[in-house]
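> For reference, the structure I am asking about is given below.
The values are calculated or read from the model by the stated rules, or taken from the named source; none is laboratory data. Please read all numbers here as calculations on a predicted model, not as lab measurements. Glycine also receives a Cβ, built like all others from the backbone with ideal geometry; neighbour counts cover every protein chain displayed. Accessible surface is based on the protein model in full, side chains and every heavy atom, while ligands, DNA and RNA are left aside. Shrake-Rupley method; radii C 1.70, N 1.55, O 1.52, S 1.80 Å.
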Amino acid sequence: MSVTPRRRLHLAAHFPGVNNTTVWSDPRSGSQIDFASFTHLARTAERGRFDFFFLAEGLRLRELKGRVHDLDVAGRPESLTVLSALAAVTRRLGLAGTVNTTFNEPYELARRLATLDHLSEGRAAWNVVTTSDAFTGENFRRGGFLDRADRYKRAAEFVRLSRELWDSWSPDAVAADQEAGVFVRHGGIGAVEHHGEHFTVTGRFTVPRSPQGRPVIIQAGDSDEGREFAAATADVVFSRHSTLEAGRAFQTDVKRRLARHGRRPHQLKIMPGVTYALGDTEEDAAERAAEIRRQQVGPRTAIAFLEQVWGRDMSAHDPEGPLPDVEPDLSGDVSQGRVPLADRAATAAAWRALAEEKGLTIRELVIEVTGRQTFVGTPESVARQMIAHVEAGAADGFVLVPHLTPGGLDEFVDRVVPLLQERGAFRSEYGGETLRDHLELT
């Protein structure tokens, strides 16, 4: 791999949280909520010169057959509180938090994000998400009132209004002229008059313009509405399309939409969530990847995935046995708090065909259909794969999702990052102060 890459890639670290990515039963696994865990992963990412550290959000514990799903009880802390604390123990690493536009208010959230940007000296990012899930909505005053078709309309207005608030302070509003006795320059704080379909705000924002102007906007939706929203609004897309072919198709589709919003391709970075398994040889890495997948999809998790598709109680069936000859109950709903499947009948048919074709047990089937490590191999081959991925136009970088908390990123930073740096594919030092600097965003 002697050719110098034409493009430098971007890297971010996702705190794995509580889902079937995390192998909490591994002896090396730590707490999902102790601040020491967040600190360890964030400092590891900063040691590796990553662009940002990324937290997901959970507004309600998921349930399976009316009981709390075991993997959720490990903890779902509030993102911006954790990130504000991390601002004090990191210096350059971007701090990105997922916050929902369906169950928050723009003025209040804009203040919290602007405050984080000040505390971190320009390193804040907001992953904008929506929900039409009435189950989650039961935790909030408005409940599940918002129709699915309206969620992006509200989100788009939410972001527009937040930007109006952030931009209402001019860059030189704070004069702090002690001799003249003038702290705020006359006219430096504009009035906000917003009367929209979802929000009405009249007044002045309380927080000065933040160090990077406004927080970075991240978006993760994959529907047509989500892609259009990203093209119009986002600085970064957290994509689920991690294979080369799917990544190229996604990037081509989203970036071609930018022109109609007056934007250019370099103004949007696409960073799929990826996993990895390293080994001293390719065979070692493949064995390790297979073992991680078996840890991630234990017997109970395999049945839980099956029940989500089949819509009925499947606990009587052996996860190490064959798929039972039982038809899905399309009206059944044993799982709440997860993104609903678009076509359960088609999904069940595809699963059955695959199980029959390969002779898979229930557990083997779920392992097969619920994903695998994106990059598997020696550190040298993983570095090569990542560079090739970016060079092929399948991504601008990656959000790494380790399977262990909090030490799952250590091996990648120690063994892969130096190879990327040697080949000129990744920075050796931070070149700027803010997250926008790291992401090369104007």
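For (1) of a type in the set (Phe, Trp, Tyr); (2) farther than 17 Å from residue 20 by Cα, each residue gets a yes or a no:
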site: 333; (1), (2): no, yes
site: 356; (1), (2): no, yes
site: 389; (1), (2): no, yes
site: 398; (1), (2): yes, yes
site: 405; (1), (2): no, no
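> Would you point out which residue out of 382, 309, 376 is at pLDDT below 95 and of a type in the set (A, V, I, L, M)?
309
> Just checking, does region 68-77 include any residue being more than 26 Å from residue 291 (Cβ to Cβ), part of a strand (DSSP E or B) and at pLDDT below 90?
Yes, there is a match, as at least one residue in region 68-77 is more than 26 Å from residue 291 (Cβ to Cβ), part of a strand (DSSP E or B) and at pLDDT below 90.
> Still on this structure, please answer the following. Which of the residues that make up region 21-49 are without any contact (Cβ under 8 Å) to a residue 60 or more places away in the chain and either part of a loop (DSSP other than H, G, I, E, B) or buried (at least 20 other Cβ atoms within 10 Å of the Cβ) (or both)?
27, 33, 34, 42, 46 - these are the residues of region 21-49 that are without any contact (Cβ under 8 Å) to a residue 60 or more places away in the chain and either part of a loop (DSSP other than H, G, I, E, B) or buried (at least 20 other Cβ atoms within 10 Å of the Cβ) (or both).
> Still on this model: Among the listed residues 369, 326, 339, 413, which satisfies the condition of being modelled with pLDDT of 95 or more and of a type outside the set (Phe, Trp, Tyr)?
Just one listed residue meets the conditions, 413.
> So, of the residues in region 218-247 that are of a type in the set (S, T, N, Q) and closer than 26 Å to residue 162 by Cα, which turns out to be surrounded by the fewest Cβ atoms within 10 Å (Cβ to Cβ)?
Only one residue tops the list, namely 223.
> Still on this structure, please answer the following. For the structure I just gave you, tell me whether residue 354 is in a loop (DSSP other than H, G, I, E, B) and surrounded by fewer than 16 Cβ atoms within 10 Å (Cβ to Cβ).
It is false that residue 354 is in a loop (DSSP other than H, G, I, E, B) and surrounded by fewer than 16 Cβ atoms within 10 Å (Cβ to Cβ).
> If you scan region 374-406, which residues turn out to be farther than 17 Å from residue 289 by Cα and surrounded by fewer than 20 Cβ atoms within 10 Å (Cβ to Cβ)?
Of everything in region 374-406, those that are farther than 17 Å from residue 289 by Cα and surrounded by fewer than 20 Cβ atoms within 10 Å (Cβ to Cβ) turn out to be 384, 388, 391, 392, 393.
> Please enumerate the residues belonging to region 127-179 that are among the β-branched types (Val, Ile, Thr) and open to solvent by less than 50 Å² (accessible area, probe 1.4 Å).
128, 129, 130, 131, 136, 159
> Please find, within region 150-196, the residue that is farthest from the chain's Cα centre (by Cα) out of those that are modelled with pLDDT of 95 or more and of a type in the set (Asp, Glu).
Among them, the one singled out is 193.
> Considering only residues that are open to solvent by less than 10 Å² (accessible area, probe 1.4 Å) and either part of a loop (DSSP other than H, G, I, E, B) or touching a Pro at 6+ places or on another chain (Cβ under 6 Å) (or both), which ones fall in region 92-126?
93, 101, 102, 113, 117, 120, 122, 123, 124, 125, 126
> Restricting to region 245-304, count the residues that are under 26 Å from residue 379 (Cβ atoms) and of a type in the set (Gly, Ala, Ser).
9
Conditions tested, residue by residue: (1) among the basic types (Lys, Arg); (2) surrounded by 21 or more Cβ atoms within 10 Å (Cβ to Cβ); (3) within 30 Å of residue 393 (Cα to Cα).
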| site | (1), (2), (3) |
| --- | --- |
| 190 | no, no, no |
| 209 | yes, yes, no |
| 249 | no, no, yes |
| 254 | no, yes, yes |
